[in-house]
Amino acid sequence: MTINPNKRRIVVVEPGKLPEERIIGENLEDFQKVVGGNIETTRDEKLPGMIIVVNEEGKIRGLPWNRRIKNGGAIDYISGTFFVIGD
């Protein structure tokens, strides 16, 4: 499958659903649309070379719990929809 150079292949993870592959644009607005708000990035030690893009207000807005991650030895969790993209 050939991808337009202005598009990115991502894996989207919505709360309570299985991960899903999608192709999206690579601008900020495209990223924000997937997570439903302003974005923040983090990493998980189990996913080297990958960036996790989350809604930066997911926890304070009370979005549904989604996944637990481990970053730098600390365990944290993600609320709301997130996606994984190669760095």
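The values are calculated or read from the model by the stated rules, or taken from the named source; none is laboratory data. Treat the numbers as computed from the prediction; the structure is a model and nothing was measured. Backbone-built Cβ (ideal geometry, glycine too); neighbour counts: all protein chains shown. Areas reflect the complete protein model, heavy atoms only, side chains present, ligands, DNA and RNA absent. Shrake-Rupley method; radii C 1.70, N 1.55, O 1.52, S 1.80 Å.
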Of all residues in region 60-69, which are open to solvent by 90 Å² or more (accessible area, probe 1.4 Å) and without any contact (Cβ under 8 Å) to a residue 40 or more places away in the chain?
-> Ile60, Arg61, Arg68
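Scan Ile52, Ile39, Ile60, Ile10 and give me the residue that is in contact with a helix residue (DSSP H, G or I) (Cβ under 6 Å, 6 or more places away or on another chain) and either closer than 12 Å to Ile85 by Cα or at pLDDT 95 or above (or both).
Values: Ile52 fails: in contact with a helix residue (DSSP H, G or I) (Cβ under 6 Å, 6 or more places away or on another chain); Ile60 fails: in contact with a helix residue (DSSP H, G or I) (Cβ under 6 Å, 6 or more places away or on another chain); Ile10 fails: in contact with a helix residue (DSSP H, G or I) (Cβ under 6 Å, 6 or more places away or on another chain).
Checking each option against the conditions leaves just Ile39.
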All positions within region 37-50 that are open to solvent by 50 Å² or more (accessible area, probe 1.4 Å) and either in a loop (DSSP other than H, G, I, E, B) or touching a residue at least 24 places away in the same chain (Cβ under 8 Å) (or both) = Asn38, Arg43, Glu45, Lys46, Leu47, Pro48, Met50
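Which residues, taken from region 1-20, are part of a strand (DSSP E or B) and not acidic (Asp, Glu)?
Initial filter on region 1-20 (part of a strand (DSSP E or B)): 7-13, 20.
Across region 1-20, the qualifying residues are Lys7, Arg8, Arg9, Ile10, Val11, Val12, Val13.
Tell me which residues, restricted to region 38-72, are at positive phi and out of contact with any strand residue (DSSP E or B) (no Cβ under 8 Å at 6 or more places or on another chain).
Residues of region 38-72 that are at positive phi, as a first pass: 49, 62, 72.
Gly72 - this is the single residue of region 38-72 that is at positive phi and out of contact with any strand residue (DSSP E or B) (no Cβ under 8 Å at 6 or more places or on another chain).
On the phi < 0 side of the Ramachandran plot, in a strand (DSSP E or B), of a type outside the set (Ser, Thr, Tyr) and surrounded by 13 or more Cβ atoms within 10 Å (Cβ to Cβ): which single residue out of Ile75, Ile85, Ile23 fits that description? Step through it out loud before you land on a result.
On the way: Ile75 fails: surrounded by 13 or more Cβ atoms within 10 Å (Cβ to Cβ); Ile23 fails: surrounded by 13 or more Cβ atoms within 10 Å (Cβ to Cβ).
When all the criteria are applied, what remains is Ile85.
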